[in-house]
Amino acid sequence: MTASKTEQAAHPLGRVLILGIGNILWADEGFGVRVVEYLAARYHFPAPAELMDGGTQGLYLLPQLEGLDGLIIVDAIDFGLPPGTIHTVRGADVPATIGARKMSLHQTGFQEVLALLDLRGHAPRQVALIGVQPVNMQDYGGGLTPPVAARVPEVAEAVLTMLANDYGLRPTPHTTNAAEDETSLVTAAVTRDAYESGRPSEEDACRHGDPRVLARMGG
């Protein structure tokens, strides 16, 4: 799945997608989404670079991933390493890594996406996975655990370095005002700050429920 340097030089650069996948409702499983949210709030990604919150869409992502020149996946992956460890894999090792230690349904679905892209002859010319070892992916309604949350800026920087080194792409930083207005990638109500700060205590949630959910139900 990885093109040689000679092939890259002879081929005009097409779309390069930075894809964060995972479920923000299950603590560290939302890591990939939080990284692309972080990048979107701080940098402008001009074409051919794109950011995408892939969530848990699985096969629904297929049309968005066909024929890419580059795919950089960000996710929480069980590498069997100490919690919070960052690890990068490339090429054919990416689907093998995702499939080797499935921790959630979205990883099963995404492994199928990569297999179908390859089968249909539309696999990315280059693919890489930047992952972090999670601490907890079973806390429903929870945010990122501290060891994993601390890796968001580091992995975001790793993405920028990979874009520069592999594709010659260098996103430009937003101004302060632009960063504050950047809400298009993740819905405002579930941005990391809003989601994590709005969670009620465990006692309140058990006794009274989550007011954010109850308000919508009572609509």
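The values are calculated or read from the model by the stated rules, or taken from the named source; none is laboratory data. Since the model is a prediction, treat every value here as computed from it, not as a measurement. Note that we place each Cβ from the backbone using ideal geometry, even for glycine, and neighbour counts take in every protein chain shown. Remember, those area values only see protein heavy atoms, side chains included, never the ligands or the DNA or RNA. Shrake-Rupley method; radii C 1.70, N 1.55, O 1.52, S 1.80 Å.
Could you check how many residues of region 124-143 are open to solvent by 20 Å² or more (accessible area, probe 1.4 Å) and hydrophobic (A, V, I, L, M, F, W, C)?
1
Give the residue that is modelled with the lowest pLDDT, with candidates limited to residues of region 119-169 that are of a type in the set (A, V, I, L, M, F, W, C) and assigned to a loop (DSSP other than H, G, I, E, B).
Met137
Can you tell me which residue within region 60-78, out of those that are assigned to a loop (DSSP other than H, G, I, E, B) and out of contact with any Ser or Thr (no Cβ under 7 Å at 6 or more places or on another chain), is surrounded by the most Cβ atoms within 10 Å (Cβ to Cβ)?
Within region 60-78, the match that is surrounded by the most Cβ atoms within 10 Å (Cβ to Cβ) is Leu68.
Taking into account only those residues within region 39-59 that are surrounded by fewer than 20 Cβ atoms within 10 Å (Cβ to Cβ) and at pLDDT below 85, which is farthest from Asp75 (Cα to Cα)?
The selected residue is Leu59.
List every residue pair whose Cβ atoms sit under 8 Å apart, with the two residues 6 or more apart in sequence or on different chains, where the first one lies in region 70-86 and is at positive phi and the second, anywhere, is open to solvent by 10 Å² or more (accessible area, probe 1.4 Å) and among the β-branched types (Val, Ile, Thr).
What qualifies is Gly84/Val135.
Name the one entry in Leu81, Leu105, Leu116 that is over 12 Å from Leu129 (Cβ atoms), of a type in the set (A, V, I, L, M, F, W, C) and modelled with pLDDT of 90 or more.
The unique qualifying residue is Leu81.
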